[in-house]
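Colleague: Dropping a structure here in C-alpha cells format, bear with me for questions.
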C-alpha cells in the first residue's frame, strides 16, 4: 500500500509558517514502512489521521492512496480499503459501549486470515483482561478499553496499521505487551505502521520519525 | 449483532403506537376495499338476463275486475312493441299450465316443499352458455335460473330458524327436485341452479322443457301471456322506459333498487377506504420518523461501523429488514383479522338479501403490494440518504 501527501496543510494552519516534515511537504509512506509521527498537542495529529482515512476534507493539497487521488476514490472503493487494507486504533477508541468485548470484536467486517474470534480472547489474556470478554465495554476503565481497541484493530486484516496515541492510558508493562502483539501482527501481515504519539521515545524499534 | 446494536436499547413506545396505527389502517383498508369491489361487482356476473333486457307487464288496476282492462297481451300488442325503433326484440314469457312442486332435500337446509310457477324465455335473452341450458327428455338434470327474491325468502326463513344462511355458491350446489304433473302421477325432475335473476319472480326453465311439460301435463286453454321480455337497442334503454310509462306497462324495480344500494354503499365504502388509506400513510410516516430518530440516536454507531469497513448498503439492509419484517407482521395480522371480519360482514349482507361473491378481492392483494412497495421504497430512500451522508465523516 502506498500513501503520498503533497503540500498537505489544514485550513486552520494556512496562514501560519509551519515547520514540519509533513505539512506543506511532499512525503510518501509505503509498503512496510514503520513511521512514528511525533507532535505536541494541537499540531494536527488527529487531523492528519482523519485526512488519511478520508474522514475530513478541511485541508489544501492532495493525498494519494495507491497513486489515486483520495478525492476521486468512490465510496464503495473506500469501503474496501477500510475493510481490507487499513486498520485503525482511534484516539477516542470508537468502541460500542453497550456491547460486550466479544460483541465488539464480532462486529468487525472481516477477521484476519488464520484467526478466529477465540484468538481475540487469547490476546485479551496476554493483556490480562480476558475476564472482561462478556462484559459491556462501558464498565471497563479507559486503559482496559484502550487494550480492547488495540485487539480489535489487530483482529482485522490490514496492509497498514494506524494507531493514534494507543498507549496513552497504559502502564509500561501493558504498553510493552501491546507493542509485542502489534509487532507480531505487523510481521504476520507484512504491513506498514503509522504511530502517532506525543513522546518521541517509544517501545517500537526502527521507526522512522516524522515531526508535525 | 447490528440489529441488537441499533434497536435493543431504544424506547419502543413510538414504534408500538405507529405499528398499532398501521395495523388498524391496513385492517380497515383491506375490509373496505374488499367490500367496495364486491359491492360494485355485485350482480354483474350472476344476472342471467342479458344486457338491456327487461320483463314487462301491464299495470295492475281494478279494471280487470270490472271487465275494463285485460292484463293479457294480445298478438297485436306484441307486434306493436316489436315495431318500435328502439326495440331489438320482444317475446312472450311462457308459463307452466301444469302443477309444479319444488322440493329441496339437502343436508344444508330443512326439507322444503312449495308449489311454484316456472316460466321460460327465448335463449337469446339469457346470458347463459348453450351447453348449460339444454334439456331433452331423459336428461339427468334440468338447468334452472332462480329468482333472487326466492333466495332471499329462503334465507329469511333459515335466519328465523337459526340456521346458517346460504350464499350463492352454496345454493348452486343444492339438491332440488321439481315434481310435475297431476297429484296422482307426478314425475320427478332433478334440477340444478345455473344462475340468478332479479327480473323475474318465478323459476326460469329451458323453453324446450316447458313446451314438453305443457304438452304432456298441461291444459292448453290455461296459458295466458301476461308478461313480455323486451330487449332494447344499445343506448336506447331510456326510450323504452318512456314508452313503457306512456302505455302504462311496468317493469320490476329491483334492478333500480340494487343500483341505488350499490351506489350508496359504494360511496360509504369509498370514504372509509380513503380514510383508511390516509391512516396507513400517516402511520407509515410515523414509522419513517421513528427510523430517522433511531438513525440519529445511532449516529455514532453507524459512523464507527462505516469506519471499520462495513459497506453502506450492508447497514441500509439492516434497517430495511428490521422495518419490513415489522411491517410484514403487522400486514399479516391485519389480514388475519380481516378474514373473520369479512365472514361476519358477508353474513350481515346475506341476511339483508345481498349475497356477495365470497372470494378475496384481487384489489386486496394489489393494495397490499402497493403499500408494501411504497413503504419499502420510503425506508430504503431515507436510510440511504442518511447513511451516505455519514460516509466519510
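Colleague: Could you look through the range B:308-365, keep only residues that are in a helix (DSSP H, G or I) and within 14 Å of chain A (Cβ to nearest Cβ), and pick out the one that is surrounded by the most Cβ atoms within 10 Å (Cβ to Cβ)?
Modeller: B:315
Colleague: I've got another one for you. Could you check the range B:78-91 and list, in sequence order, the residues that are surrounded by fewer than 20 Cβ atoms within 10 Å (Cβ to Cβ) and part of a strand (DSSP E or B)?
Modeller: Matches in the range B:78-91: B:87, B:88, B:89, B:91.
Colleague: Keeping to the range A:48-85, report how many residues are within 14 Å of chain B (Cβ to nearest Cβ) and either touching a residue at least 60 places away in the same chain (Cβ under 8 Å) or part of a helix (DSSP H, G or I) (or both).
Modeller: 21
Conditions tested, residue by residue: (1) farther than 30 Å from residue A:83 by Cα; (2) out of contact with any helix residue (DSSP H, G or I) (no Cβ under 9 Å at 6 or more places or on another chain); (3) at pLDDT 90 or above.
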| position | (1), (2), (3) |
| --- | --- |
| B:334 | yes, no, yes |
| B:337 | yes, no, yes |
| B:347 | yes, yes, no |
| B:364 | yes, no, no |
| B:373 | yes, yes, yes |
| B:384 | no, no, yes |
| B:391 | no, no, no |
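Colleague: Could you list all residues from the range A:2-36 that are crowded, with 17+ Cβ neighbours inside 10 Å and closer than 20 Å to residue A:190 by Cα?
Modeller: The answer is A:3, A:4, A:29, A:33, A:34, A:35, A:36.
Colleague: Among the residues of the range B:207-225, how many are loosely packed, with under 15 Cβ neighbours inside 10 Å, modelled with pLDDT of 85 or more and under 23 Å from residue B:76 (Cα atoms)?
Modeller: Residues meeting the conditions: 1.
Colleague: Testing residue A:151 on (1) part of a helix (DSSP H, G or I); (2) within 12 Å of chain B (Cβ to nearest Cβ); (3) in contact (Cβ under 8 Å) with a residue 24 or more places away in the chain, one condition comes back false. Which one is that?
Modeller: Of everything listed in (1) part of a helix (DSSP H, G or I); (2) within 12 Å of chain B (Cβ to nearest Cβ); (3) in contact (Cβ under 8 Å) with a residue 24 or more places away in the chain, residue A:151 misses just condition (2).
Colleague: Part of a helix (DSSP H, G or I), at pLDDT below 80 and in contact with a helix residue (DSSP H, G or I) (Cβ under 8 Å, 6 or more places away or on another chain) - does that describe any residue in the range B:35-42?
Modeller: Yes: the range B:35-42 contains one or more residues that are part of a helix (DSSP H, G or I), at pLDDT below 80 and in contact with a helix residue (DSSP H, G or I) (Cβ under 8 Å, 6 or more places away or on another chain).
Colleague: Which condition breaks for residue A:97 when tested against (1) facing chain B (nearest Cβ under 10 Å); (2) part of a helix (DSSP H, G or I)?
Modeller: Among (1) facing chain B (nearest Cβ under 10 Å); (2) part of a helix (DSSP H, G or I), the lone unmet condition for residue A:97 is (2).
Colleague: Does the range A:2-47 hold any residues that are assigned to a strand (DSSP E or B) and under 25 Å from residue A:168 (Cα atoms), and which are they?
Modeller: A:10, A:29, A:34, A:35, A:36, A:37, A:38
Colleague: Could you figure out which of (1) modelled with pLDDT under 90; (2) surrounded by fewer than 16 Cβ atoms within 10 Å (Cβ to Cβ) isn't true of residue A:170?
Modeller: (2) is the only condition that residue A:170 fails.
Colleague: Restricting to the range B:107-155, name every residue that is touching a residue at least 24 places away in the same chain (Cβ under 8 Å), over 27 Å from residue B:224 (Cα atoms) and outside any loop (DSSP other than H, G, I, E, B).
Modeller: Scanning the range B:107-155 gives B:112, B:132, B:152, B:154, B:155.
Colleague: Which pairs have Cβ atoms under 6 Å, sit 6 or more apart or on different chains, and link a residue in the range B:164-182 that is within 17 Å of residue B:359 (Cα to Cα) to one that is in a loop (DSSP other than H, G, I, E, B)?
Modeller: Correct list of pairs: B:167/B:355; B:167/B:358; B:168/B:355.
The values are calculated or read from the model by the stated rules, or taken from the named source; none is laboratory data. On a predicted model such as this, the values are computed, not experimentally measured, just so you know. FYI the Cβ positions are ideal-geometry reconstructions off the backbone, even for glycines, and counts take in every protein chain you see.
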